[in-house]
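Everything below concerns the one structure shown next.
No lab work stands behind these numbers, since they all come straight from the coordinates. Given the structure is predicted, the values throughout are model-derived calculations rather than measurements. No Cβ is skipped: glycine too gets one built from the backbone with ideal geometry, and neighbour counts run over all protein chains shown.
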Amino acid sequence: MAAEESLIGLSIAEMRDGMRLGEFTAVDLAEAHIAAAESVRELGAYILETPERALEMAAASDARRSKNQIGTLEGIPLAIKDLFCTKGVGTTAASRILDGFVPSYESSVTTNLWRAGAVMTGKANMDEFAMGSSNMTSYFGHVQNPWRRVGDNQPVTPGGSSGGSAALVAANVVPGATGTDTGGSIRQPAAFCGVVGMKPTYGRCSRWGIIAFASSLDQAGPVTRTVRDAAILLRAMAGHDAKDSTSVDVAVPDYEAELSGDMRGLRVGIPKEYRVDGMPSEIEELWLEGADWLRRSGAEIIDISLPHTQYALPTYYIIAPAEASSNLARYDGVKYGLRIADDDLQVQYEKTRGAGFGAEVKRRIMIGTYVLSAGYYDAYYLRAQRVRSLIADDFNQAFEKVDVILTPTTPHQAFLLGEKLEDPVAMYLNDVFTVPSSLAGLPAISVPSGLSDNSLPLGLQLIAPAFREPTLFSVATSLESCAGFVSRPTIVAKKT
Amino acid sequence: MKESQRYLQGNTGNWELVVGLEVHAQVISDAKLFSGAATAFGAPPNTQVSLVDAAMPGMLPVINRQCIYQVVRTGLALGAEVNLESVFDRKNYFYPDLPQGYQISQYAKPIVGKGEIIVDLEDGTSRRIAITRIHLEQDAGKSLHDQHPTKTFVDLNRSGVALMEIVSEPDMRSAEEAGAYVRKLRSILRHIKTCDGNMEQGSMRCDVNVSVRRPGEPYGTRCEIKNLNSVRFLMRAIQCESARQIEVIENGGRVIQETRLFDPDRVETRLMRSKEEAHDYRYFPDPDLLPVRLEAEWVAQLKAELPELPNEKRARFVQQYGLTLADAGVLVAEPDRADFFESLAEGRDPKHAANWVVGELLGKLNKTGVELFSAKISAIQLGELIDLIHDDKISGRIAKQVFDEMFETGKDAVRIVEERGLAQVSDEGELDQHIDQILNSNSDKVAEYKAGKEKLFGFFVGQVMKATNGKANPKLVNRLLRGRLSN
């Protein structure tokens, strides 16, 4: 079928327009993307495919369309990171401790998506409890990046924790996916997989029904192939939710309507602290090039300083594990999930949590427990909170001079699967450019902007003031069109 | 207070007892502290549990404003500082009936700061007990160890219920003071309707810190006794714990800081856990919740809207009704008791009304163990009984019989009087007949009386009462008899 052949690889906007013109239906899209998933299963990007549900939802969507009830995502197939609770569909956070857990409730973000007409194709793989930058920590196996380096066929990490989401979008298995970002978990895999990944302002999307990693940092956001699609998807995901006390009651703009890409008069900050030791020259060059594109588009480039940047990573690796150690206490084998029974309660806790959590999760629970302990709290947690507000102040002061900040998304290209696993600190360094804006709760986006010397994708990051997502999307549009990133990964879904 | 009462006598001299209390009071509210689940007592297990209370993955707490309102009113009623910014913290520990693995509480920044309670003692003196702080926290669920031979079951109905923890300074010096403190606190909470104070249902529980010292010396090492659920147990626990500590010290040992449990059957305290076994709760601000920020005007408005508090009410009862301080104190101890009295006193002699409530009604309630709110007799009914006495329809003695039946059956006084023919005989003709008969059959006593033995007057009255089964109007009998015997 000629029409269906082109259904894989379309953007969300193109699918929307195609359905509006009657060129294909939501069921056509669902079928094509179910087949797409089957064709690249070796990526390991789904924990669970939900083809029956996808077809059901697509048929319901087509029925609505016939009654002229058309949501902003009507009939669009989406993958959902397995951190979002989905009613009646297994939700694991990629952890053994939640293997087999089926929520009786639907997260607020996915509720919003289904209300907008979207169709779920499956639950995307991820790092366990969103802890990781490689997708190697999933209980359900690692995810492969659809990209390969030039000259070898070794599997490359998709990044993490939203690695499944980024890999699925990059390989054309879905046009969009949800991710969550705590310290870079959307932006870093987006950069590694050559797709767009966006973390909105903290409080923009409800956290209700998203399995918590670090409550004061977790934010849901879109992973797509284009900036426009990210704008469309975020609009549907976002919104105030009375069930999340930290969700903010600010109206959600029509982000798509603000994608002018007009850079005239816009001030773009280049923070000198993001030139880190040992950063490959190709990253530096891409960054300079990105600044140059924006300058030529009419923006003013201004050197700025974010003096506390070097403290962001250690601060993050105190605050996030502290919150996680408490958030993950509920997985105790008493109420749901894995239980390894023992007559002695203490032993049951130890066996259950010992077997249920992977090494990285345990490491972070231990770090978090340590930094909150009596006698260490002031030196670690309290001090980290103070540094966190200094980092936020850095951004506040910078945004008096500039409208948006441009940085690389990651300090290097995607590494090989299994690399750096022995050295957690090297792994944590992945997040050095994404963590500061997470600590400050600011919106940030990664846009695929070029290729490394061995042809892996590289991303540039834009950071904006709180709730200035429209600015972010507009500058990202400009960056996207200047970069003209058209390369495709080695492994993509087969067209049927 | 006398020296001998103030101190405990040991074998080696006097000891001073030092007591501080932490009272956990369940907040009266429609829903739990952070979820919409109901809070009714006695519901079947696990029927009042929301996804939040069961700590399902991805669930988030949302503060119940009604609980904030209630704790602020409680603080204001205790003359306490209300903190316009307070923070919820997580208290982390593992236990099966704590689904989240942490309790949401307030640690560094509680919602209410320093206040006080004026406690009235039996000898008529009063003492000021300082309140350190009040904070809001969630209750845990309940582990049921008796449902299965080898398994423990968990009931989460209480999980997430709002508690106020009211912490006192170590200002109490006797078990009596501690008991009076809890009673007064309960009375205040009941007046402002922030806690029902039903200790036997667990809606109010005490942890008590006890230490002893030689008079004038610094505080001794304290032990905490957990989970006391009646004033009586609280006082007994303080008594036996202080005796234990004195014995330890006098035998050359030293008191070790630890947490203990009171065993009411064996009347002793037992070790629960030592200081070394104490949890490190790893308190930190709950990142799921924003700080609680209050408007000063709102707090001021709540203060202005507070109902009359027990001490204010007691002063008014003394002034408005001319009651003794003691009677007024008894009447205001419970708000429904005070209301009962006031509705009874309306249009009647207030002292008479107070006597009926304090003397008869409360005596009866105490004896039968019935609570006033579930008593069968209403203020309106008791009022009608008092009116019957006032209108000479029945005598005071008969009234007590009628009251007993009213208390038991809930019948109206008039109906009981009619059914049992207890109406007072005020018919002069009928009484004259009885008097004739009695005087005739006791002519010897009549002669003695007339000869000056006036004490016999009472005998004649008694005979008339006896002849009328106690129904004769005593005033009338007196008048008629005097008339007959004087000529």
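Over the Cα atoms of segment B:306-419, what is the Rg over Rh ratio if Rh follows Kirkwood?
Radius of gyration relative to Kirkwood radius: 0.97.
Return the loop-located chymotrypsin sites (Phe, Trp or Tyr not before Pro) in segment B:384-485 (DSSP other than H, G, I, E, B) with at most 10 other Cβ atoms within 10 Å of their own Cβ; answer none if there are none.
none
If the viscosity is 1.306 mPa s and the temperature 10 °C, what Stokes-Einstein diffusion coefficient in µm²/s follows for segment B:336-477 when Rh is the Kirkwood radius over Cα pairs?
My calculation gives 94 µm²/s for D.
As a test of understanding, state the convex hull volume per residue of chain B from its alpha carbons, in Å³.
Considering the Cα atoms of chain B, their hull volume per residue is 224 Å³.
At what distance in angstrom do the alpha carbon centres of segment A:236-286 and segment B:168-197 lie from each other?
Value for the Cα centre distance between the two parts: 56 Å.
Nearest 5 percent is fine: what portion of the DSSP beta bridges confined to chain A is antiparallel?
Within chain A, antiparallel bridges account for around 65 percent of the total.
Jot down the per residue volume, in cubic angstrom and as a whole number, of the convex hull over the alpha-carbon atoms of segment A:378-450.
109 Å³
If packing is taken as the average count of other Cβ atoms within 10 Å, what order do A:41-50, A:249-258 fall into, highest mean first?
Final packing ranking: A:41-50, A:249-258.
So for segment A:106-244, Kirkwood radius off the Cα pairs, Stokes-Einstein at 20 °C and 1.002 mPa s: how many µm² s⁻¹?
Here the translational diffusion coefficient equals 145 µm²/s.
Counting pairs on different chains as well as pairs 8 or more places apart, how many Lys pairs in segment B:428-486 have Cα atoms under 22 Å apart?
Qualifying lysine pairs in segment B:428-486: 10.
Just the C-alpha atoms of segment B:204-332: what Rg/Rh do they give, with Rh taken as the Kirkwood radius?
1.14
Please name which of B:221, B:237, B:195 has its Cα lying farthest along the dipole of segment B:151-274 towards the positive end, using unit charges on Cβ (Lys, Arg +1; Asp, Glu -1) and the Cα centre as origin.
Ranked along the dipole, the leading option is B:195.
For segment B:64-74, what does the Karplus curve 6.51 cos²θ - 1.76 cosθ + 1.60, with θ = phi - 60°, yield as ³J(HN,Hα) per residue in whole Hz, taken in order and with x for Gly and Pro?
So the J values, rounded to whole Hz, are 8, 4, 4, 5, 4, 4, 5, 6, 5, 4, 4.
Can you compute the charge dipole magnitude of segment B:1-100 about its Cα centre, using +1 on each Lys and Arg Cβ and -1 on each Asp and Glu Cβ, nothing else charged? Give it in debye, rounded to the nearest 20.
The calculated dipole for segment B:1-100 is roughly 120 debye.
With 23 Å as the limit, write out which pairs from A:123/B:32; B:313/B:376; B:313/B:393; B:367/B:393; A:87/A:335; A:87/A:351 have Cα-Cα distances beyond it, or answer none.
A:123/B:32; B:313/B:376; B:313/B:393; B:367/B:393; A:87/A:351
Once you have the Kirkwood Rh of segment B:201-245 from its Cα pairs, apply Stokes-Einstein at 25 °C and 0.890 mPa s and quote D in µm²/s.
Estimated via Stokes-Einstein, D reaches 216 µm²/s.
Taking a threshold of 25 Å on the Cα-Cα distance, which of the pairs A:362/B:275; B:91/B:142; A:81/A:362; A:243/B:193 fall above it?
A:362/B:275; A:243/B:193
Given a cut-off of 16 Å, what percent of all Cα-Cα pairs of segment B:262-340 lie beyond it?
The answer is 74 percent, as a whole percent.
Averaged across the residues of B:61-73, what count of C-beta atoms belonging to other chains lies within 10 Å of each residue's C-beta?
What the average comes to for B:61-73 is 1.
From other protein chains only, count the Cβ atoms within 10 Å of every residue's Cβ in B:277-284, then give the mean.
Shielding by partners across B:277-284 averages 5.
When you look at the Cβ of every residue in A:201-213, what mean number of other chain Cβ atoms sits within 10 Å?
2
Would you order A:147, A:287 from fewest to most other beta-carbon atoms within 10 Å of each residue's own beta-carbon?
A:287, A:147
What is the Cα coordinate range of segment B:34-101 on the first, second and third principal axes, sorted by size from largest, in whole angstrom?
Per principal axis, max minus min of the Cα coordinates gives 38, 28, 20 Å.
Please say if segment B:6-296 is rounded, prolate or oblate, where rounded means a/c under 1.5 for a ≥ b ≥ c the square roots of the C-alpha gyration tensor eigenvalues, and otherwise the choice is prolate for a/b larger than b/c and oblate otherwise?
prolate
Which value, in Å³ per residue, describes the convex hull spanned by the Cα atoms of the protein assembly as shown?
Each residue corresponds to 235 Å³ of Cα convex hull volume.
Assign unit charges at the C-beta atoms only (+1 for Lys and Arg, -1 for Asp and Glu), then state the dipole size of the protein assembly as shown relative to its Cα centre in Debye, rounded to the nearest 20.
That gives a dipole near 1740 debye.
From the residues A:301, B:117, A:125, which one has its Cα farthest along the dipole of the protein assembly as shown in the positive direction, the dipole being from +1 and -1 charges on Cβ of Lys/Arg and Asp/Glu about the Cα centre?
Of A:301, B:117, A:125, it is B:117.
Checking the cross-link filter: which lysines have an alpha carbon closer than 18 Å to that of residue B:114, excluding same-chain neighbours under 8 positions apart?
Output for residue B:114: B:184, B:303.
For segment A:311-464, what's the radius of gyration and Dmax over Cα atoms, in angstrom?
Values for segment A:311-464 (Cα only, Rg and Dmax): 19.2, 63 Å.
Using the Cα atoms of segment B:131-199 to build a convex hull, what is its mean projected area in square nanometres?
Projected over every direction and averaged, the Cα hull of segment B:131-199 covers 6.6 nm².
So, by mean Cβ neighbours within 10 angstrom, what's the order for B:307-314, A:469-476 with the highest one leading?
Going by the mean number of other Cβ atoms within 10 Å, highest first, we get A:469-476, B:307-314.
Under the Karplus relation 6.51 cos²θ - 1.76 cosθ + 1.60, θ = phi - 60°, what is the ordered set of whole-Hz ³J(HN,Hα) values for segment B:469-480, x standing for Gly and Pro?
6, x, 8, 5, 5, x, 4, 5, 4, 4, 5, 5
In debye, nearest 20, what is the charge dipole magnitude of segment B:6-296 about its Cα centre with +1 on Lys and Arg Cβ and -1 on Asp and Glu Cβ, if you could check?
160 debye
Mind grabbing the base-10 log of I(q)/I(0) for segment A:311-382 at q = 0.22 Å⁻¹? Debye formula, identical points on the C-alpha positions, no solvent, two decimal places.
Relative scattering, expressed as log10 I(q)/I(0), comes to -0.92.
Using every pair of alpha-carbon atoms in segment B:54-157, split the distances into 5 Å bins beginning at 0 and state the percent of pairs per bin, rounded to integers.
Whole-percent P(r) values from 0 Å outward: 2, 11, 15, 16, 14, 12, 11, 8, 6, 3, 1, 0.
For segment B:53-139, which GluC sites (Glu not before Pro) are in a loop by DSSP, counting at most 10 other Cβ atoms within 10 Å?
B:122
Please report B:145, B:352 as a ranked list, fewest other C-beta atoms within 10 angstrom at the top and most at the bottom.
Listing B:145, B:352 from fewest to most nearby Cβ atoms yields B:145, B:352.
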